[in-house]
Amino acid sequence: MGYKPKYAAGSRKREPDIIRTKPEPKKPAAPPPKEQSRAARIARIVLTVILVPLCGFATVKLLMNMVETVGRPKAATVAKVKDKAILDDFDAYVEKRMSQADSGLTLAHLGLTELPEPTVEETEPVHEHYTIPEDALVAPKPDQSCFGKVDSPAEMEPILKKAKWILDGQKTYFQPTQQIYSDSWIRYYLDSSIFAVTWQEVHDDSVYTFSEIKVEDASQFRRHLADGTYGSDTQYLTTEMAETVNAVVASAGDFYRFRNFGAVVYQGQAKRVEGTYAETCYIDRSGDMHFTRGGEVLTTQAVQDFVDANDINFSLAFGPILVDNYELVEHTWYGVGEITEGYARAALCQMDELHYIVVTANTTGPHQSIPTVAQFANNIAATGCRMAYCLDGGQTASIVMNNDLVNRPVYGQQRKISDIIYFATAVPEGGSDNG
């Protein structure tokens, strides 16, 4: 609404009386002014608040300079310099005010009251890139100060933020909004070469234990055979072998000494082959998973050719394949193991480059169901993994972090086995962490 000034009635001049013989017709009333648009109001503010002060500022400065220089001819040269300085000040003032006006118009257009703070581009912390020798029997010891645990997924948000240099733009399946099994902890490890987080969820009345790992170098994803040699008759608990090799996270493997099927490859050498029915998983020296199906490789030489062609480091022989190149694989029959009955399950999944999940499904607390392979595969595929493969289940299925058993195996006890897979830090003892 327009502002109408009020005047005292006594101060008005009296107009002479005018006698009219015929009343003039009334002119139609002018329509009320339309409400100004937001842009128009802001433009008026710009003119009133910015341009008017600009003119006043320039006028005052120039008059002051004229007063100083009148009657002083010798000061003419100095006056020119001062005039230039005044104009420079005026230009800077105009630029600043117009920038503010432009920001005001932008905010009005976006419906905001203030512009967001500019983001500061962070730089990756400088650190060494380490590799563990392929023939090393043990990995470097993890830094105990890099382990931690929380009871709420939201508390992991700052840890995930610190881990972004390891993740290298990849997204984790674990999120601060994760729905976890209420009677469980979230465990994590983070240094400059590895990030790992382990937690539990409930699916189909089974407790799934997930451990998600991202490493910087493929040499940090390793397989360990009991006593460090192929064919040893000695067997150990998963926790025992994990401690021996300094694992950050470990999982039981395929118990290759208990079953005689699939293709067994260790340190790039084909050791044993029975490929009639089994589907085999291979890990190459870049850390990627590959598969062969039953009947595809039937001789040691055929496996070695596959190993050489794909630069394979080691294999896992159990199965079946659960996910292949993001596609869920369905089975109605598998020549190895139980797939249509409820059974404690274990799997290895690859999410992305050097990014993995190991998972088990067990009975725990009030949750006393165990999945078929089809149920297990569906829940595994829901992680968004690229590849997934069943490891030995039942009492063998176990996940260890920092030498502690995280899941509850069948009968509540681990089984002694012949091999594990594990993920290790590559930072030498005494090296710097990612903090």
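The values are calculated or read from the model by the stated rules, or taken from the named source; none is laboratory data. Given the structure is predicted, the values throughout are model-derived calculations rather than measurements. When we count neighbours, we look across all protein chains shown, and the Cβ atoms used for this are built from the backbone with ideal geometry, even at glycine. These accessible areas exclude ligands, DNA and RNA; they are computed on the full protein's heavy atoms, side chains included. Shrake-Rupley method; radii C 1.70, N 1.55, O 1.52, S 1.80 Å.
Tabulated data
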read-out	value
From the options SER184, SER211, residue that is modelled with pLDDT under 95 and either in a loop (DSSP other than H, G, I, E, B) or not β-branched (Val, Ile, Thr) (or both)	SER184
Residues that are more than 18 Å from ASP135 (Cβ to Cβ) and either surrounded by fewer than 18 Cβ atoms within 10 Å (Cβ to Cβ) or touching a helix residue (DSSP H, G or I) at 6+ places or on another chain (Cβ under 8 Å) (or both), drawn from segment 304-313	ASP305, ASP308, ALA309, ASN310
Options GLY342, GLY294; residue that is part of a loop (DSSP other than H, G, I, E, B) and in contact with an Asp or Glu (Cβ under 7 Å, 6 or more places away or on another chain)	GLY294
Number of the exception - ARG259 against (1) in contact with a Ser or Thr (Cβ under 9 Å, 6 or more places away or on another chain); (2) closer than 24 Å to THR372 by Cα; (3) charged (D, E, K, R)	(1)
Hits in segment 351-366 - residues which are crowded, with 18+ Cβ neighbours inside 10 Å and of a type in the set (Asp, Glu)	none
Subset of segment 202-229 (residues that are more than 16 Å from VAL400 (Cβ to Cβ) and open to solvent by 10 Å² or more (accessible area, probe 1.4 Å))	VAL202, HIS203, ASP204, ASP205, LYS214, GLU216, ASP217, ALA218, SER219, ASP227, GLY228, THR229
Residue that is under 38 Å from the mean Cα position of the chain (by Cα), among the hydrophobic types (A, V, I, L, M, F, W, C) and open to solvent by less than 10 Å² (accessible area, probe 1.4 Å), where the choices are ALA270, ALA278	ALA278
Count of residues meeting criterion [in contact with a strand residue (DSSP E or B) (Cβ under 8 Å, 6 or more places away or on another chain), open to solvent by 30 Å² or more (accessible area, probe 1.4 Å) and over 17 Å from HIS127 (Cβ atoms)] in segment 154-182	5
Hey, ILE357 under 15 Å from GLU201 (Cα atoms) and part of a loop (DSSP other than H, G, I, E, B) or not	no
Residue list for segment 374-390, filter: surrounded by fewer than 24 Cβ atoms within 10 Å (Cβ to Cβ) and either assigned to a strand (DSSP E or B) or more than 18 Å from the chain's Cα centre (by Cα) (or both)	ALA374, GLN375, ASN378, ASN379, ALA381, MET387
Tally of residues being aromatic (Phe, Trp, Tyr) and either touching a His at 6+ places or on another chain (Cβ under 6 Å) or surrounded by fewer than 18 Cβ atoms within 10 Å (Cβ to Cβ) (or both) across segment 249-267	1
Count of residues meeting criterion [at pLDDT 80 or above and either closer than 30 Å to HIS224 by Cα or part of a helix (DSSP H, G or I) (or both)] in segment 110-158	30
Single condition ASN246 does not satisfy, out of (1) open to solvent by less than 70 Å² (accessible area, probe 1.4 Å); (2) of a type in the set (S, T, N, Q); (3) at pLDDT below 95	(3)
Residue within segment 298-305 that is assigned to a helix (DSSP H, G or I) and either under 36 Å from the mean Cα position of the chain (by Cα) or of a type in the set (Phe, Trp, Tyr) (or both) present	no
Residue that is within 11 Å of ASP419 (Cα to Cα), touching a residue at least 60 places away in the same chain (Cβ under 8 Å) and in contact with a Ser or Thr (Cβ under 6 Å, 6 or more places away or on another chain), where the choices are GLN200, GLN235	GLN235
Pair list, Cβ < 7 Å and 6+ apart or interchain, from segment 151-164 residues that are more than 12 Å from THR198 (Cα to Cα) to residues that are at pLDDT below 95 and surrounded by 14 or more Cβ atoms within 10 Å (Cβ to Cβ)	LYS162/ASN434
Hey, LYS149 charged (D, E, K, R), surrounded by fewer than 20 Cβ atoms within 10 Å (Cβ to Cβ) and closer than 25 Å to MET387 by Cβ or not	no
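Conditions (1) within 23 Å of ALA252 (Cβ to Cβ); (2) in contact with a Lys or Arg (Cβ under 9 Å, 6 or more places away or on another chain); (3) surrounded by fewer than 14 Cβ atoms within 10 Å (Cβ to Cβ); (4) touching a residue at least 24 places away in the same chain (Cβ under 8 Å), marked per residue:
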site	(1), (2), (3), (4)
GLY287	yes, no, no, yes
GLU296	no, no, no, no
ALA302	no, no, no, yes
SER315	yes, yes, no, yes
THR332	no, no, yes, no
GLN368	yes, no, yes, yes
PRO371	yes, yes, no, yes
